[in-house]
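The values are calculated or read from the model by the stated rules, or taken from the named source; none is laboratory data. All of these numbers come straight from a predicted model, not from anything done at the bench. Neighbour counts run over all protein chains shown; Cβ positions are idealised from the backbone, glycine included.
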Amino acid sequence: MIVLETERLVLRWFDIKDAPFILKLVNDPAWIQYIGDKRIKNLEDAKKYILNGPIDMYNKMGFGLYLVERKEDLTSLGMCGLIKRDSLEDVDIGFAFLKEFRSKGYGYESASAVIEYGVQKLGLKRIVAITTIDNIHSGKLLEKVGLKFEEIISDSGEDLKLFGYNAY
């Protein structure tokens, strides 16, 4: 299901058929460094990740992480969307792109659209994001789309930067 379209991008729900892309994305060195090793080593693992992650979130919350595709050729570039984590009070935005699609404005374009969607369509008053302390690029992108650094928090023993966007 298509959720959002921007000038260059389509953001849609993940489907089981996206397992080969997920397998590639979650094993990207930057994903492993900044998000963590999800231990997804084959297509079956990738299908389970899609079912137990994004699809489960769509069913429970009506939103989740979306596949980001280039509109002109439907090439899968990355993911961007909203997540409700048990460890955070507010809904947070997350994103990740394959190396060859970073620094081309896709992160900004998709994250801006997701924030607007969250506020205008879902009625969210606040959206947050978390990054590892050393993830400078994600922090800069979050600030560019309007989130502000708020504090260092601890999650499962790891220090993380918390960014926030207040819609009011």
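Points to keep in mind about this one:
- Contacts under 7 angstrom Cβ, first residue in the stretch 1-23 being free of Cβ contacts under 8 Å to residues at least 24 places away in the same chain, partner surrounded by 13 or more Cβ atoms within 10 Å (Cβ to Cβ) and part of a helix (DSSP H, G or I), 6 or more apart: Leu23/Leu43; Leu23/Ala46
- Any hit, the stretch 120-131, residues being out of contact with any Phe, Trp or Tyr (no Cβ under 8 Å at 6 or more places or on another chain) and closer than 13 Å to Lys161 by Cβ: no
- Selected residue [at pLDDT below 95 and of a type in the set (Gly, Ala, Ser)] from Gly157, Gly164, Gly118, Gly139: Gly157
- Qualifying residue in the stretch 128-146 (condition: farther than 22 Å from Leu77 by Cβ and in a loop (DSSP other than H, G, I, E, B)): yes
- Scope the stretch 135-168; condition closer than 20 Å to Ala113 by Cα and small (Gly, Ala, Ser); matching residues: Ser138, Gly139, Gly146, Gly164, Ala167
- Qualifying residues in the stretch 11-28 (those that are β-branched (Val, Ile, Thr) and crowded, with 19+ Cβ neighbours inside 10 Å) - the one farthest from Ile133 (Cα to Cα): Ile22
- Residue in the stretch 153-165 that is in contact (Cβ under 8 Å) with a residue 40 or more places away in the chain, assigned to a helix (DSSP H, G or I) and over 15 Å from the mean Cα position of the chain (by Cα) present: no
- Within the stretch 112-139, tally of residues that are surrounded by 20 or more Cβ atoms within 10 Å (Cβ to Cβ) and of a type in the set (Asp, Glu): 0
- Filtering the stretch 29-84 to residues that are out of contact with any helix residue (DSSP H, G or I) (no Cβ under 9 Å at 6 or more places or on another chain), buried (at least 16 other Cβ atoms within 10 Å of the Cβ) and among the hydrophobic types (A, V, I, L, M, F, W, C) leaves only Met57.
- Long-range neighbours under 9 Å by Cβ, at least six apart or interchain, first residue farther than 15 Å from Asp155 by Cβ within the stretch 75-88, second at pLDDT below 95 and crowded, with 18+ Cβ neighbours inside 10 Å: none
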